[in-house]
Each structure stands twice: as C-alpha cells, then as structure tokens.
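The values are calculated or read from the model by the stated rules, or taken from the named source; none is laboratory data. Everything quoted here is computed from the prediction, not taken from an experiment. Ideal geometry is used to build each Cβ from the backbone, glycine not excepted, and the neighbour counts take in all protein chains shown. These area figures cover heavy atoms from the full protein model, side chains too; ligands, DNA and RNA do not enter into them. Shrake-Rupley method; radii C 1.70, N 1.55, O 1.52, S 1.80 Å.
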Amino acid sequence: MSWIRITNAADFPLREGRAVTLGGEEIAIFNLGERFLAVSNRCPHRGGPLADGILSGDSVVCPLHAWKVCLTSGEVKRPPEQDACARTFPVKVVDGVVHVQWAAVQAEAA
C-alpha cells in the first residue's frame with residue numbers, strides 16, 4: 001500500500017465529488033469540509049457515477065437510481081436491506097494536498 005498524491009485540496013469544491021483514475025479504476029473523492037472521503041466511482045446497483053451524486057451527510061445519492069451509499073463504510077443505506085457495498089479508500093490531506101491510499105494489486109482484485 002502506498003499513498004498516491006491526487007491534487008490540491010482547494011481543487012475540490014465543498015460538498016462535491018470528483019472522479020480520478022488510479023490503476024484503471026475510477027475513484028470518487030468527496031470534500032465534506034472537515035474531511036475528504038473516497039469510494040469506487042461505480043454505484044453497486046448499476047454502476048452509476050457516484051462522483052456526480054448529491055451529498056447527504058456522509059453519504060452520496062447516486063444520480064441514476066437514487067441509491068444512497070455511505071462514504072465511510074461503502075454500505076448501501078437506501079434501499080434498505082441491500083448487501084451491496086462500494087469499496088472505500090483511505091484519504092489524507094498533507095500540506096494541503098489530497099492523497100489516496102492505493103495498492104497496485106487492488107485493480108487485479110476488482
């Protein structure tokens with residue numbers, strides 16, 4: 001596992017997501033104001049782009065079919081009783097720069 005430098009934290013608008021590609025996989029990174037969170041950019045339902053969704057607390061609502069995904073756990077919150085999850089990624093900000101923890105083998109395991 002290593003930390004990959006993404007971009008300046010100021011490049012992420014408050015309460016919005018942006019998609020980045022690491023190792024062939026799209027990741028959605030969200031600026032929640034007090035912290036940044038990242039999940040796979042594919043909704044577990046039908047692959048909708050979560051980076052384009054609307055934030056609701058620490059969750060994002062998929063723009064395609066309104067599935068609500070928790071950004072801290074990847075768990076689907078709506079509709080209820082779904083076993084599907086989105087993969088989450090650790091994020092840190094160092095000297096104003098967003099970094100995502102990434103392993104090269106992650107893309108092979110997906």
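Scan the stretch 1-35 for residues that are in contact with a helix residue (DSSP H, G or I) (Cβ under 7 Å, 6 or more places away or on another chain) and in contact (Cβ under 8 Å) with a residue 40 or more places away in the chain and report the count.
So the count comes out to 4.
Which ranges mark the strands (runs of 3 or more DSSP E) fully within the stretch 25-88 that have 1 or more residues being modelled with pLDDT of 95 or more and open to solvent by 70 Å² or more (accessible area, probe 1.4 Å)? Can you show your working first?
Numbers: elements: 25-31, 36-40, 54-56, 59-61, 68-70, 76-78.
Filter on the stretch 25-88 gives 25-31, 54-56.
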